[in-house]
Structure formats: structure tokens, C-alpha cells
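The structure appears right after this line, and notes come after that.
We did not get these values from a lab; they are worked out from the coordinates using the rules stated. Here the structure is a predicted model, which is why all the values come from computation and not from measurement. Please note: Cβ atoms are built from the backbone with ideal geometry, for glycine as well, and neighbour counts cover all protein chains shown.
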Amino acid sequence: MAQEADVISLSVNGRTQQVDVPPDTPLLWVIREQLGLTGTKYGCGAALCGACTVHLDGAAVRSCAVPVSAAANRPITTIEGLSATGEHPVQKAWTEVDVPQCGFCQPGQIMSAVALLANTGSPTDAEIDAAMAGNICRCGTYQRIRAAIHLAAALQKGGRR
Amino acid sequence: MTPRISRRTLLKGTLAAGAGLVVGFPLAGRSRALAQTPAVFAPNQWIRIDRDGVVTIVNSVPEMGQGSMTTTTMILADELDVPIDQVRIEQAPANPDLYKNPVTGSQSYGGSRGVRDHYPTWRKAAAAARTMLQQAAANRWGVPVESTETEPGAVVHKPSGRRLAYAQLVDEAQTLPVPQNPKLKTPDQFRYIGKMVKRRDTPDKITGRGIYGMDVVVPGMLVASIERCPVLRGKVKSFDATATKRIPGVRDVVQVTNGVAVVADSFWTALQGRRALKVQWDEGALAQVSSPAIAKEYERLSKQPGQAARNDGDAEKALGAGGKVIEAVYQVPFLEHACMEPMNATAHVTKDACTVWAPTQNPGGTLATAMRLTGLPKEKVTVHTTLLGGGFGRRGEQDFIVDAVEVAKAVGAPVKVMWTREDDITHGFYRPSTYNVFRAALGPDGKPTAWHNRIVGPGLLIQKGRSPDYQIDGAAVEGARNMPYDIPNLRVEFVNKDFGVPLGFWRSVGASQNGFIVESFIDEVAHAAGKDPFEFRRDLLGKSPRHKAVLELAATKANWGAPLPPGRGRGIAVVFSYNSYMATVAEVSVAPDGLVRVHRFVSAIDAGLAVNPDQVKAQVEGGSVYGLTATLYGQITVDRGRVQQSNFNDYPMLRINEMPVVEVHILDSGEALGGLGEPGVPTVAPAVCNAVFAATGKRIRTLPIDRNELRKA
Ligand code: FES
Ligand code: FES
């Protein structure tokens, strides 16, 4: 049964907003429906696919499995907050390699990749596997995702190809 | 109610479609789309150029990941001769009068048809537009049109060094007649076709700006989720929504064709409402149907003759002639598409208008569904095709459209109906499960003299009413009836047995299962003959040169025959589907616990002409993953009419840590264009299973691969 609505303060992409929703509502749906940030996707609702990946305190989390109450007053970044124009090194690498097909999984893939690269400057293939295995791509863009992450690592270090 | 942020970007580009002057094409239908707009040159339904030089190209093929936005634009922009990076792309409205596929006659996309069916039409349309611009310039300069040529975005007259941008010719060009047989570019003049062009949709897809069906927001919109009968094809008998209606935020509960819809302010609330519903179901006939019984009945029927789909020579006689006979049974399961974006659609129905926003492969069908359910004429129905989060055949169906239109009609407000992943997997349209019996005979020279293949399973086209049940179902035998090997006595039979599990077109359709069975069994025959499986195939492909060419290319590139590290095996397969030829070599190893690891795919594809080579590769890469997921994991089973899988935990998808290297080699044969969305799938399962045999000596005859069978004792 839905719990009574509560006013919760969320800090998304550097903006603080109040939302009035039952506290058990998954963060995903608050981001998508209350805040209108539809770049974060729903794919499974059970932390199995990674389509809903956002950053909470800088770490990649599955927003479908985080109750909104647990995200109150903590910095959240969604795909829309990564850069206004697609200029983040990971987005640039994604463009360079032409990664997306249908694109539906890609915001989640990119958010996972950004979190990986924030902690691991030049990830090995095994590190990429470990960080990205939670993100399903039904179109099968994995080979390009891997290539783009390596490229983004190079871009981030300032080295042009 | 919580405030809702409306996204005007959604309507940008979709609502604007149709403006402009359209001449020279049959104009039946929606006059609204043909309204005259001054200062716009719009020689046909695909191209508009305005006085500011903005070139708009209308993409009539839904963008489901295959790259239609890019490929359509490449073809039209090339022949029109405009710089591709300055083109605005608009998704076409549902309007079959203007945008039907010229080959199929409907505005519906499946069968890897987007590019191959439109290529000549688009080129002619764009060449006509270019010729009109050239004529307008020639008139202004007083020179013969033949003395003019174009550069991207401009007409030039080299002898006098004069130049006019297309934007400056708009007014004159639109008064000229549309040439019926414009001169097309020669291939050496192509700027984009055949070259690597970056996808036009990438910027929207890496920033979260792209609007998929699920992302549609309309002012005043409600969100609904539908409780569906756990038994396939079951119906609502009665329901009690008392508890549901007490939940704050639940707005309405309505019975619709596909179940009971809970309409709410938000999706999460709608889900809570579903949980509180009490529904009595009329489970229907499928409540008696379970997977083991289906397999048993298939097996029984496989002992009886079927209808002949092909009959060369006398296979029975040749099988009894005393040569070595090889027999095998192959089985494949039901499969669900699992588009990354679960099914959904949005609709708004008023007394005199209906608008649908849908991630659909079938805009024409969506229009027809909305007309049927609302009783409105086509002039009153508008369909916006959003981006599709995957299609794979699933999104040609109408069930999710029916959901949205019915619920929206019932509540009188715009409604988005969203499916959960569980709804999506348990209420799909499944790739048929089949049971297949093979017999082959070898002559004294080691060449096959007979091939007998009986396929038992449900006819997809028959179930969908697209083929009469007294005929052979074309989808059930594709890839088997037209197997390419030159064997004198060859019989392929089909036994139609349909238990009523809803069937659908699953990426590569019949070729998905028949590619596996034919290419696995020919491998068995090769081994029985003591021959190398690649050479055995090649020797039988004398009458199929295009098969042979891709087979040889894949084998060469994969270093076929070269030694492998211990424990690894190579397997090969070649399949024709959707007018394209594809061969794959797989390199696998099998761990002692039976885990199959695919290290590498080397594929060769002949799709006639590769319009955008990098996207040809992308489609083969994607097909490899789709096929490998099915090979290793894909299985839908039914228990008393209930689908037993529900999410990615029990219907797993291949993940990045299991991704093999995929190497794609393109063979531009110069033949007629082939499809690309699907042909990457059928070779995967047989190449992998043949490689498993090479590595372990164990033959996989049932998909998905059962690890236990490969475990070392
Ligand atoms: S939607 Fe959250 S992991 Fe799939
Ligand atoms: S690009 Fe379609 S699911 Fe990843």
C-alpha cells in the first residue's frame, strides 16, 4: 500500500527541488515524472539492467532500487546534468565511436562509464567488465562501449588520439 | 496533484511534419498535410527547402536503432546534393497515402526493409528535386540545364563561374513541373552513399534529449498500468477495485480489452493500484497448455508426414539406397523480444479527434487501430512516431496501441499506458518453438545424396491470418526450404501445430531457428563424411555463388584451419535471409563446468551495397549479441498458459563481460540491396554450436545450450 506523501528535498544536477511523493517511491520515477528529466530510463525496475543509472554522492546507483527518501539532500546527477551539450569526455567518445543504436540503454551506460572513469583513470578490460556488467544493451553495442571507454580515458587524460 | 513539466521538445519536429507544397505525387488522403506554404520548395513528401536554406528531410522509416534517420538522410541528401550535417530530420506522420512502403504497400516496418525497399524511390525523388533546382538556375541564367551542375547546396555553371544557392531558387523551383525520369547520380558522384557517415541521432541519445514513447509528456496527462491475465489470451471476468480506488493518486480503474487499467497521477501509484486490485479471470483454453506437453505433441506429430515445402528428386528412395544415413532431432524454444524499452503508448481521444504518440514499427497499423477503436476518419487521427527503444519485430504489433487508445477513450484525458518489464516478457508475441527431424544419406564418394527435413511447429503467418492454413507457412520454412546446398534428393516438410501461444516476428523470424537447424545438421553430415565442415559446405555451394563468396571470405579472415590454443574450437555457418548473405566463424572454448565462452566472431556479409558501412557493421555486431543471447540463454516456457519467465533474472541477456570480439567484413557485390537489421542473427547459433562440437565433440541439438550437457563428468 502506498505510504502517505511527504515533502522531500532533492538536489538534482545542482538544483534543489521539493517533491511531494510517498517516501517509498523509487527515485527513478520521481526523476522522470516529478522532475521531468526523462533521460533516465526504466528497463526492469529490479536493479537488473542499469537503464536507470544515476549518480548519488558521485557513485553509480540504480535509481529504480533507491527509495526517494534515501536520496533526500544528497547530490544526484542524471544524464542531463553531465553536460549541457554532450561535451563530457565520455559523451565525446561515445560520439566518436558512434556507440548508440536504439539508444535507450545509453544514458545508463554513460552514467556507469563516467563513474568508472572517475575512480579508475585508465581501466583495463576486466575493470570495464566489472563496472559495466550491470548495464544491459539489447541492441548489442558492447564492443563499441568498450572502445569508447578506452577512448574517453585517453580524452580525459588530455591526450588527443 | 504534483506539478508536471511538459516537454515542448517532444512536439518539435513531429507536429511540423506535413507542411509544404507537395506536387507530382498521387495526392489522395489528408489535404492537411498538403497545405500550401509560400516560400518553400517541397517537390515531394520527403524534401522541403525554405528560403533560408533550411533543408528538411522526412524520415518515413521508424528509428528503432537500425539507423534509419541516418541512412534515409544519406540517400536523399546525396541525390539532392546538400550537406548532410545541415539537414533537419523530421519523423513522418502516419499517412500511408504518402509514406507507405512502395514494395509492401503499408506504412509498417519489419523484414529489414527500410532501405532496400525505398532506395530507388528516394533517389528518384531527390534527383527530381535537384533537377528542378538546376532548371530554375538554368532559366535564370538563360543557359541549357545540361550545362549546370551542383555542389552541396548550390547550382553552379562552371563555364561562366556562376553559382546560386538552393535557398535562392526556392520560389522558381516550386513553380516547375516535377520531372518523371530525372537523371540519377552515378556512383562515382556519391558523397555519402557507400561512405562512413556518423549517425544523426547520436547527440540526442547521449544527452538524454531523445524522446522515446515512454518519455512522452502531454499537458494534463495521466499514467496507467494494466493488470493482465496471468494466462496468455485470458480475459477479465470481473474485478473489484474498491481498495485500489482508495489509494491517493489513483484516478480511475477501467476494464479494457487487455485487462484492468489503473489510471493514476504517476506510474508508481498506478502500480500500487494494480497490486490492490482483485480480478477474476476467465483463463481460457491456454490454461491447459504447458511446454512439456507441447514438446511431446510435436514429437508425436513428427512421426507423421507433413506438407511438402520443397521436393527435389526422391529423398525417401535415396535414403533407402544403402548409403550411410545420419539422423538427428533439433529443438528450439519460444523467445521473447525483450526490447530495452518496455511496451508503451500515449493517446488522447476526444469526440472528434484522436492523437497517438507511440514507439511503433507500424505507424500505418497504429492509424488503422486508432480509427477502428474511435470510429474516427483518418483525417481526425494523428499518429506521432517517437524514437523506439528497440523494435526487433515486437513493435509492429498493436496490443500496446489498443491499450492506450482504449484507456484514453474511457477516461477522456491524455493517458500514457506503460508496461512493466514483467508485463513485457509475460505478454509478448513469441518466436515459435519448433521440433525438427533430419535425415541425410551419404553416397560412396562422401557427398550427400539425400536430405530430409521435417519441421513441426506453429505457423506464424497462419496464426496472424496472413496465410491460409492449407498452405505452407512461409515464415516457418524460410531458411530451410531454400537451403543452398546442392543435394539431388531434397525434401522439406512442414507440420503446422499451433497451441495458441501468441506468435510474433522475432528478429530474423523463421531464419532464426532454421538457420540453426540447417547449418548444424549440415555440419553433422560433414563430420559423418569425414570432411572439413568449411570445405564440405563450399563443395556443395556450386549453384549458390554468393553464399560461397561470403563463406570463403569469413573462413579466410578467420584463418580457418590454422591451429588454435588448446580447448578452443571453430565453427562456421552461412545463411541467406532478407536478401542478404552472411557467413560467420565462431571461436569458442568450453570450461570444465560446461560454461561456453565465445571469444570471437568473424563475419562476412553481402548486402548488395553497403550504404553506410559502419552501420552495416553495427547491425552485424548487434545481431551477433541478439543471436548469442538466444544461443546461451533464450528460453520462454509456459506452465498452464502462464509464461514462467518475467524479468532479466530469469530471461537473461548477454552482458559486456561475455561479449566476444566481433569482426565484420563487407562484400560489396553490386547486387540488389539486401536487408541488414536481421541477417546478422541466424548464423550465430549454428556457428557457436558447431564450434562447441569442434572443441568438445558434443553436438548441441537443443537451444539454449544446456551447460550441464557440456560439463565434464
Ligand atoms: S530499471 Fe533500474 S536497473 Fe533496470
Ligand atoms: S542501444 Fe539499444 S539497448 Fe543499448
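In table form, for the structure just shown:
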| read-out | value |
| --- | --- |
| Amide H contacts of A:V54 (H built 1.01 Å from N, under 5 Å, at least 5 apart or other chain) | A:V61, A:S63 |
| Convex hull volume of region B:32-207 per residue (C-alpha atoms, cubic angstrom) | 130 |
| Other protein chain Cβ atoms within 10 Å, averaged over every residue that makes up B:263-271 | 5 |
| Unit charges on C-beta of K, R, D, E only; dipole of region B:393-468, Debye | 340 |
| Pairwise centroid distance, computed over Cα atoms, of region B:367-391 with region B:462-484, Å | 29 |
| Net dipole in debye of the protein assembly as shown [+1 Lys, Arg Cβ; -1 Asp, Glu Cβ; about Cα centre; nearest 20] | 300 |
| Rg and Dmax [Cα atoms of chain B; Å; Rg one decimal, Dmax integer] | 27.4, 87 |
| Averaged over A:126-136, number of beta-carbon atoms from partner chains that fall within 10 Å | 3 |
| Volume of the Cα convex hull of region B:134-215, divided per residue and given in Å³ | 189 |
| Exceeding the 28 Å Cα-Cα cut-off - candidates A:K41/B:K464; B:K303/B:K531; A:K92/B:K195; B:K237/B:K409; A:K41/A:K92; B:K205/B:K416 | A:K41/B:K464; B:K303/B:K531 |
| Student exercise, region A:89-156 dipole from Lys, Arg, Asp, Glu Cβ charges, in Debye to nearest 20 | 140 |
| Calculated [θ] (222 nm, deg cm²/dmol) that DSSP helices of n ≥ 4 give over chain B, each run adding -39,500 (n - 2.57) | -8500 deg cm²/dmol |
| Percent antiparallel among DSSP beta bridges (both partners in the protein assembly as shown, rounded to 5) | 75 |
| The protein assembly as shown: Rg to Rh, with Rh as the Kirkwood radius over Cα pairs | 0.97 |
| Chain A: calculated mean residue ellipticity at 222 nm from DSSP helix runs of at least 4, using -39500 (n - 2.57) | -9000 deg cm²/dmol |
| Neighbour-count order for B:V688, B:V509, fewest beta carbons within 10 angstrom listed first | B:V509, B:V688 |
| Residue among A:T120, A:G140, A:A154 farthest towards the positive dipole end of region A:89-156, charges placed on Cβ | A:G140 |
| Separation of alpha-carbon centers, region B:526-555 and region B:397-412, rounded to whole Å | 51 |
| Of B:A345, B:Q135, B:P592, farthest towards positive along the dipole that unit charges on Lys, Arg, Asp, Glu beta carbons give chain B | B:A345 |
| Neighbour net charge for B:F429 - beta-carbon separation under 12 angstrom, K R +1, D E -1 | +1 |
| Reciprocal of mean inverse Cα separation for region A:1-110 (Kirkwood radius, Å) | 14.3 |
| Region B:104-163 and region A:102-147: distance between their alpha carbon centers, rounded to Å | 42 |
